[in-house]
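Below is one structure; the comments refer to it alone.
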Amino acid sequence: LQGHEEEEILEGIPVRRDGKTRAWVTAMYGCDNFCSYCIVPYVRGREKSRRPEEIYQEFRSLVEAGYKEITLLGQNVNSYGKGLEEGVNFSSLLRSLDEIDGDYRIRFMTSHPKDASKELFDVMAHSRHIPHYIHLPFQSGNDRVLREMNRKYDREKYLSLIRYAREVMPDISFTSDVIVGFPGETYAEFQDTLSLIREVEFTNLFTFIYSPREGTRAARMPDPVTYGEKTKWFAELLETQEEIAVRRSKRMVGTNERVLVEDRNQKSGLLSGRTGGSHTVEFSGEDALIGNFAEITVTDARGFQLHGELIR
Ligand code: SF4
């Protein structure tokens, strides 16, 4: 899977809510991509987009009800609109939702690099409600492995998207999914994944050791590297990402951030909020802030855990 939104789609419930703060709206169902390791297209069927008017009404009622963060969901949101008469795409959907007045954030997932466009990044850069943040799964940094995965983009296409996004949003934060030990992947090919991670400097990575899904093409591919060996590669990847995350967190010390306050960490007793770029920041404050936006200054970074002080 390229995202971690599977459960919401699986339930087939258009709106999921978390208290009064966050809600999720399904934009589209299914997937046409047939990545060779993934079972989703077989079990969920073909892509089907919901009508833009339906999404708009649902979204607007959530904003009016006071939700602060609304996430649009789909296995492959960037191909939204295919097959609809309205002549819409994901960028135009985002643009129309962004016009709704209110104090809220729009998030979306999952984006597929094959369909992510400059237009999408332009819409994000000019929007009022979309944070400069995208979850853009790359899965592998090696072209041969990407071809075997049937991902339909190569390393250069992925990096060119990253470069363009940074050009129009210098403060953009990226997260991604990565698979380690795809059948037939060599250690040298895995090194291409590490070099891509170093080049992009992701905020966070969702990392998986390859595990076969019955019925998929990849499950029938020869897989000579042992699980024990893959575990070592995986540890190397985690170490690389941790160094990057710590470095990135340190760079944020002294900056001001707008966070959505999610809850109180029972262990530390501090409030916990999330920045637009998806960093978690802890700071002291009243319970009344939970479920609202707050301005903080980042005062300290321990590991990738950020600490801050409330401005207002
Ligand atoms: S884009 Fe690929 S990984 Fe994601 S759901 Fe579709 S087939 Fe699976």
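What to note about this one:
- Residue in the range 144-165 that is in contact (Cβ under 8 Å) with a residue 40 or more places away in the chain and more than 26 Å from Phe34 (Cα to Cα) present: yes
- Scanning the range 263-286 for residues that are open to solvent by 50 Å² or more (accessible area, probe 1.4 Å) and within 23 Å of His129 (Cβ to Cβ) yields Asp263, Arg274.
- Residue match in the range 288-301 (condition: modelled with pLDDT of 95 or more, assigned to a loop (DSSP other than H, G, I, E, B) and over 25 Å from the mean Cα position of the chain (by Cα)): no
- Some residue of the range 38-46 being within 30 Å of Pro183 (Cα to Cα), within 16 Å of the ligand (Cβ to nearest atom) and of a type in the set (Lys, Arg): yes
- Restricted to helices (runs of 4 or more DSSP H) entirely inside the range 112-195, those with at least 3 residues that are surrounded by fewer than 20 Cβ atoms within 10 Å (Cβ to Cβ) and within 19 Å of the chain's Cα centre (by Cα) are 118-126, 155-168.
- Glu85 meets all of the listed conditions (1) of a type in the set (Asp, Glu); (2) at pLDDT 95 or above; (3) open to solvent by 30 Å² or more (accessible area, probe 1.4 Å) but one, namely (2).
- Whether a residue is touching a Leu at 6+ places or on another chain (Cβ under 6 Å), within 19 Å of Met124 (Cβ to Cβ), within 13 Å of the ligand (Cβ to nearest atom) and modelled with pLDDT of 95 or more was assessed, and Ser140 does not pass this test.
- Restricting attention to the range 239-263, the residues being in a strand (DSSP E or B) and modelled with pLDDT of 95 or more number 6.
- Residue list for the range 166-175, filter: touching a residue at least 24 places away in the same chain (Cβ under 8 Å) and either away from the ligand (no atom under 16 Å from the Cβ) or not assigned by TED's automatic domain parsing to the domain that holds Leu237 (or both): Val168, Met169, Asp171, Ile172, Ser173, Phe174
The values are calculated or read from the model by the stated rules, or taken from the named source; none is laboratory data. Everything numeric here is computed off the predicted structure, so don't read it as measured data. With ideal geometry, Cβ positions are generated from the backbone for all residues, glycine too; neighbour counts draw on all protein chains shown. Just the protein is used for accessible areas: all its heavy atoms, side chains included, with ligands, DNA and RNA removed. Shrake-Rupley method; radii C 1.70, N 1.55, O 1.52, S 1.80 Å.
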